[in-house]
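The values are calculated or read from the model by the stated rules, or taken from the named source; none is laboratory data. Bear in mind the structure is a predicted one, so any value in this text is a computation, not a measurement. Neighbour counts run over all protein chains shown; Cβ positions are idealised from the backbone, glycine included. When the accessible area is computed, the model is the full protein with side chains, heavy atoms only, and any ligands, DNA or RNA have been set aside. Shrake-Rupley method; radii C 1.70, N 1.55, O 1.52, S 1.80 Å.
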Amino acid sequence: MRSILLHLHPARVKPSAIDFRRTFGLGGMAALLIVIQLFTGILLRFYYKPNPVEAYDSILFLKNDVLFGQFIRNIHHWSAVFLILISFLHFLRVFFTGAFRGHRTNNWIFGLILLFLVVFSNFTGYLLPWDQLAYWAITISTNIIGYFPLVGESLRKLLIGGNELNANTLLTFFTLHTAVLPLLIVLFSIYHFWKIRKAGGLLLSKESAGEESVPVMPNLIFKEFIVALVLLAVLFLLSALFNAPLLEKANPVYSMNPTKAPWYFAGLQELLMHFHPFFAAFVIPVGVIIFLAWLPFINYNDEPNGHWFVSAQGIKSAEATTKYAAAVTITGIILNEYLLNFELLLAPVPAFISNGLLPLLILCGFMAGFYKFYLKKRKLSKAELVQTVFVFIMVAFIVLTITGIFFRGKDMELTFPWNV
Ligand code: HEM
Ligand code: HEM
């Protein structure tokens, strides 16, 4: 045991590296959640039958007749939710401590791939219960792929193996979910850990250079143990109190109202309510992914200093951007829903322009205005400036996601959460 732990960690570490406020234990928690998913997934696999005739009944059997079947299913469900939330928070923490560039460029890119794999694992698992929720959520999300230019429709058909979800889809998703993706996640995680060691551990500020290092056992191991116990306790409690959802068996002729994508794609679905599909499903998401992958390659003219939000000025500008981006996104959603329907107002103009290019340009105008009237005066460094763009995108994404999950009711109309 001791030698396994020492393979993952160096023998001694700087006290700042194990300060809880550096990582909040997020990377370690993500790793533990992956292990829990693998373990509970294998147990579920003993009873699950991957075909549309038996899948739903095999889950009912698991729930009602297998000792701890419901509990194991609940753990797999809640741990999957946590895995996305915690991986996302880890991604934010890595960015905001500047650990995404320099020696860590490679690990940032592989981290992004890990994030994609985790989301895709959740997505493929979502279909497996083959109930109404699963069937319609995956239908609506795979339809989004169909909006990609040129190859969209072929890609959609390739993924689901036909025109609509069928036995091929379930088998493909099952194979991806229980074999291909877990293997890739394990391989990429091993590489991720190795690269952290190769980079000389976590990125620390210059001030910690003179610190005397301490033995990893018990200093770090003890903290990791506590974080793991707390996470397990919360996960078990949640799984004991709240069951993973299971509606009636999938019915391809009777759609749900509202038909919502899985919660982590709710932001994307919300975007589709406001932009032409070419922009909502392709231009904007692909643009954001390219921006995230390009972040480490921007020329910053300095080395990352390991400080949270770069500097005191970075904290202030990030706070102001958060408020501004939240206000712009919320106002945009409400205006577009009730007042400003560009597609109707500018009826003769092709929807691609009135409902795509135009609102996107308006949004860019709001960002440019914020730069001109607020940020420019502050003479931000390159790193601080890039950070404000990142904050803008993340806040808009989070607001869209929250709106999609909690504020869309029947017929996808805006409503309050208690009416959803
Ligand atoms: C989803 C599975 C993931 C696991 C299991 C994982 C695990 C870890 C662990 C244990 C650490 C060291 C401790 C810590 O920072 O909390 C770490 C560091 C790091 N992770 Fe991840 N990570 C994952 C996803 C990501 C993602 C999505 C990104 C970014 C896109 C990322 C980028 C990094 C980087 C750059 C470091 C080095 C940080 C530094 O030097 O301060 N990881 N990861
Ligand atoms: C990172 C890894 C994994 C993630 C994120 C994940 C996620 C999910 C999710 C979200 C569901 C739907 C559960 C629900 O009804 O809410 C699911 C179901 C399922 N998963 Fe996984 N899973 C992972 C790994 C595995 C592995 C390794 C296996 C088996 C070898 C597995 C087997 C299953 C089975 C059989 C189901 C259907 C049972 C059910 O829905 O309760 N999973 N998974």
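Worth a mention:
- Only residues that are aliphatic (A, V, I, L, M) and surrounded by fewer than 19 Cβ atoms within 10 Å (Cβ to Cβ) were counted in segment 62-71, giving 2.
- Residue in segment 103-122 that is more than 8 Å from ligand 1 (Cβ to nearest atom), touching a residue at least 24 places away in the same chain (Cβ under 8 Å) and over 30 Å from Ile298 (Cβ atoms) present: yes
- Yes/no for Leu220 being in a helix (DSSP H, G or I), assigned by TED's automatic domain parsing to the domain that holds Pro129 and open to solvent by less than 40 Å² (accessible area, probe 1.4 Å): yes
- Residue in segment 72-85 that is within 16 Å of ligand 1 (Cβ to nearest atom), within 24 Å of Met29 (Cα to Cα), open to solvent by 20 Å² or more (accessible area, probe 1.4 Å) and not aromatic (Phe, Trp, Tyr) present: yes
- Which listed residue, of Thr322, Thr329, is over 14 Å from Leu385 (Cα atoms), in contact (Cβ under 8 Å) with a residue 60 or more places away in the chain and among the hydroxyl-bearing types (Ser, Thr, Tyr): Thr329
- Residue pairs meeting the criteria (Cβ under 7 Å; at least 6 apart or on separate chains; first under 13 Å from Arg12 (Cβ atoms), in segment 214-226; second in a strand (DSSP E or B) and not hydroxyl-bearing (Ser, Thr, Tyr)): Val214/Arg12; Val214/Val13; Pro215/Arg12; Val216/Arg12; Val216/Val13; Leu220/Val13
- Taking the criterion of being surrounded by fewer than 20 Cβ atoms within 10 Å (Cβ to Cβ) and either touching a residue at least 24 places away in the same chain (Cβ under 8 Å) or in contact with a helix residue (DSSP H, G or I) (Cβ under 7 Å, 6 or more places away or on another chain) (or both), the residues of segment 37-47 that qualify are Leu38, Gly41, Leu43, Arg45, Tyr47.
- Residue count, segment 158-190 (criterion: loosely packed, with under 15 Cβ neighbours inside 10 Å, within 12 Å of ligand 1 (Cβ to nearest atom) and hydroxyl-bearing (Ser, Thr, Tyr)): 0
- Criterion: of a type in the set (D, E, K, R) and within 14 Å of ligand 2 (Cβ to nearest atom) - qualifying residue of Arg73, Arg104, Arg156: Arg73
- Residue in segment 100-107 that is among the basic types (Lys, Arg), outside any loop (DSSP other than H, G, I, E, B) and either touching a helix residue (DSSP H, G or I) at 6+ places or on another chain (Cβ under 8 Å) or not assigned by TED's automatic domain parsing to the domain that holds Phe236 (or both) present: yes
- If the condition is being touching a Gly at 6+ places or on another chain (Cβ under 9 Å) and under 27 Å from Ser79 (Cβ atoms), then segment 208-229 contributes Lys223, Glu224, Ile226, Val227, Ala228.
- Some residue of segment 377-387 being hydrophobic (A, V, I, L, M, F, W, C), open to solvent by less than 80 Å² (accessible area, probe 1.4 Å) and not in a helix (DSSP H, G or I): yes
- If you go through segment 177-200 and keep only what is farther than 29 Å from Arg104 by Cβ and not hydroxyl-bearing (Ser, Thr, Tyr), you end up with His177, Ala179.
- Exactly one residue among Phe110, Phe148 is of a type in the set (Phe, Trp, Tyr), open to solvent by 10 Å² or more (accessible area, probe 1.4 Å) and assigned to a helix (DSSP H, G or I), and that residue is Phe110.
- With respect to the conditions (1) within 8 Å of ligand 2 (Cβ to nearest atom); (2) of a type in the set (Val, Ile, Thr); (3) surrounded by fewer than 20 Cβ atoms within 10 Å (Cβ to Cβ); (4) more than 30 Å from Glu224 (Cα to Cα), Ile59 lacks only one, and its number is (3).
- Qualifying residue in segment 134-146 (condition: away from ligand 1 (no atom under 16 Å from the Cβ), in contact (Cβ under 8 Å) with a residue 12 or more places away in the chain and under 30 Å from Thr388 (Cβ atoms)): yes
- Any hit, segment 21-37, residues being in the same structural domain as Leu204 (by TED's automatic domain parsing), in contact with a Pro (Cβ under 9 Å, 6 or more places away or on another chain), away from ligand 1 (no atom under 16 Å from the Cβ) and assigned to a helix (DSSP H, G or I): no
- Residue match in segment 88-95 (condition: assigned by TED's automatic domain parsing to the domain that holds Leu170 and within 8 Å of ligand 2 (Cβ to nearest atom)): no
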